[in-house]
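**Q** Let me give you the structure first, and then I'll get to my questions.
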Amino acid sequence: MTASVSRSTASLRVLRAGLAGLAILTLAACQSAQQASRPPAMAAVAAVPAVQATADPAPLAVSLAPAKAEVRGKSVLVVDMATGQELDSFNADAPRYPASLTKMMTLYLLFEAIDRGEISLDSQLPVSARAASRPPAKLGVGAGGSLRVEEAVQALAIRSANDMAVAVAEQLAGTEDAFAAEMTRKALQLGMTRTRFVNASGLPDTRQVTTARDMATLGQALRRRFPQHMHYFSAPSFQFRGRTIEATNKLLGKVPGVDGLKTGHIDMAGYNLVATGRRNGRQLMVVVMGGATEAARDREVTALFERYFASASASLMN
């Protein structure tokens, strides 16, 4: 049995989805071309507002709509999480395909629903035939089955399960399309002005576009708004019905200080990673999008952590 949701809550969802649709319709048809060279470092990542659980925030308009992204386009961004200061960047504002980085927003909206009391970690989450039919990576719960919401959170954050993304979307918004509209509305509210979501998983769709800077903004928002849930992103594995399921983030437990966040890969995106780390009191976020291989992406992220943690240590010593 699923957790009951009141008629008033259901109505609120429908209203929010409608407002989200209006927000998307306000997007303009094109985005100005992005520079291909490294922009100057030391700029600031867009500030993340302190988002409160308000009744019905008005839809937000933005002047630039996401352009079609470059296939396997490369982007890099390194941010000091304490100050928001940009330490290094390459094509940080160029349109990119998020792949499973999308699931950070799926989880953001799920955590909001938990905060509002609409659902709990112990609620049962039903799995529809559509959710069960999603391609891997997936948890593999059959159509008509169910699982605890916390198990779905683990599957999304740790294993990047596409079936669980759809199950969450359908539970919270009725359909994945309605949930994707809510995802885009939330992205605009957080200042992610170059992001459009059309599904909850990150499976291939040329309309689903973001940037490295917007993904860094989302990562920061997750950590600031939901510190109580960040342990899901740092777990190297979880147990599910007698199985040990390993994390897709292979830097956990291997690179000192790395403690999250999310991987992503589809053919047209390449290999993406938003990674966070803490060392000697300093917190960094590294975003790499468009890696040629998983190993190459992980080497680059590791090298960036080492470089900027080392530079911080050197400055402390001088």
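**Q** Filter segment 82-102 down to residues that are closer than 30 Å to Met164 by Cα and either out of contact with any helix residue (DSSP H, G or I) (no Cβ under 9 Å at 6 or more places or on another chain) or assigned to a loop (DSSP other than H, G, I, E, B) (or both), then give me how many there are.
**A** 7
**Q** Name the single residue, out of those in segment 221-238 being under 12 Å from Tyr108 (Cα atoms) and of a type outside the set (A, V, I, L, M, F, W, C), that is surrounded by the fewest Cβ atoms within 10 Å (Cβ to Cβ).
**A** Restricting to residues being under 12 Å from Tyr108 (Cα atoms) and of a type outside the set (A, V, I, L, M, F, W, C), the top hit is Pro227.
**Q** For Gly202, work out the one condition from (1) assigned to a strand (DSSP E or B); (2) touching a Ser or Thr at 6+ places or on another chain (Cβ under 6 Å) it doesn't fulfil.
**A** Every condition holds for Gly202 apart from (1).
**Q** Continuing with this model, one more query. Tell me whether segment 226-245 contains one or more residues that are over 21 Å from Ala155 (Cα atoms) and either aromatic (Phe, Trp, Tyr) or not in a strand (DSSP E or B) (or both).
**A** There is no residue in segment 226-245 that is over 21 Å from Ala155 (Cα atoms) and either aromatic (Phe, Trp, Tyr) or not in a strand (DSSP E or B) (or both).
**Q** Further question: Within segment 88-136, take every residue that is among the aliphatic types (A, V, I, L, M), surrounded by fewer than 23 Cβ atoms within 10 Å (Cβ to Cβ) and in contact with an Asp or Glu (Cβ under 9 Å, 6 or more places away or on another chain) and give me the one that is nearest to Met192 (Cα to Cα).
**A** Leu109
**Q** Continuing with the same structure: Provide a single number: the residues in segment 270-284 that are among the basic types (Lys, Arg) and without any contact (Cβ under 8 Å) to a residue 60 or more places away in the chain.
**A** 2
**Q** Something else: Of these, Lys103, Lys74, which one is touching a Lys or Arg at 6+ places or on another chain (Cβ under 8 Å), modelled with pLDDT of 90 or more and of a type in the set (Lys, Arg)?
**A** It is Lys103.
**Q** Then there is this: Inspect all residues belonging to segment 122-129 and state whether any of them is at pLDDT 95 or above, among the acidic types (Asp, Glu) and over 18 Å from the mean Cα position of the chain (by Cα).
**A** Yes, segment 122-129 has at least one match.
**Q** Same structure, new question: Please state which one of Gly257, Gly191 is within 15 Å of the chain's Cα centre (by Cα) and not aliphatic (A, V, I, L, M).
**A** Gly191
**Q** List the residue pairs whose Cβ atoms are under 9 Å apart, where the first residue sits in segment 83-104 and is more than 11 Å from Thr211 (Cα to Cα), the second is of a type in the set (Asp, Glu), and the two are 6 or more positions apart or on different chains.
**A** From residues that are more than 11 Å from Thr211 (Cα to Cα), the pairs are Glu86/Asp80; Leu87/Asp80.
**Q** Now, a different point. Take Val166 and decide whether it is free of Cβ contacts under 8 Å to residues at least 40 places away in the same chain and assigned to a loop (DSSP other than H, G, I, E, B).
**A** no
**Q** State whether the residues of segment 284-304 include one that is crowded, with 20+ Cβ neighbours inside 10 Å, at pLDDT 95 or above and among the small types (Gly, Ala, Ser).
**A** yes
**Q** Which condition does Gln154 not pass, out of (1) in contact (Cβ under 8 Å) with a residue 60 or more places away in the chain; (2) outside any helix (DSSP H, G or I), if it passes all the others?
**A** Evaluating Gln154 over (1) in contact (Cβ under 8 Å) with a residue 60 or more places away in the chain; (2) outside any helix (DSSP H, G or I) leaves (2) as the failure.
**Q** Would you tally the residues in segment 253-270 being part of a loop (DSSP other than H, G, I, E, B) and under 25 Å from Gly73 (Cα atoms)?
**A** The total comes to 3.
The values are calculated or read from the model by the stated rules, or taken from the named source; none is laboratory data. Since this is a predicted model, take the numbers as computed values, not measurements. Heads up, the Cβs are rebuilt from the backbone with ideal geometry, glycines too, and the neighbour counts pull from every protein chain shown.
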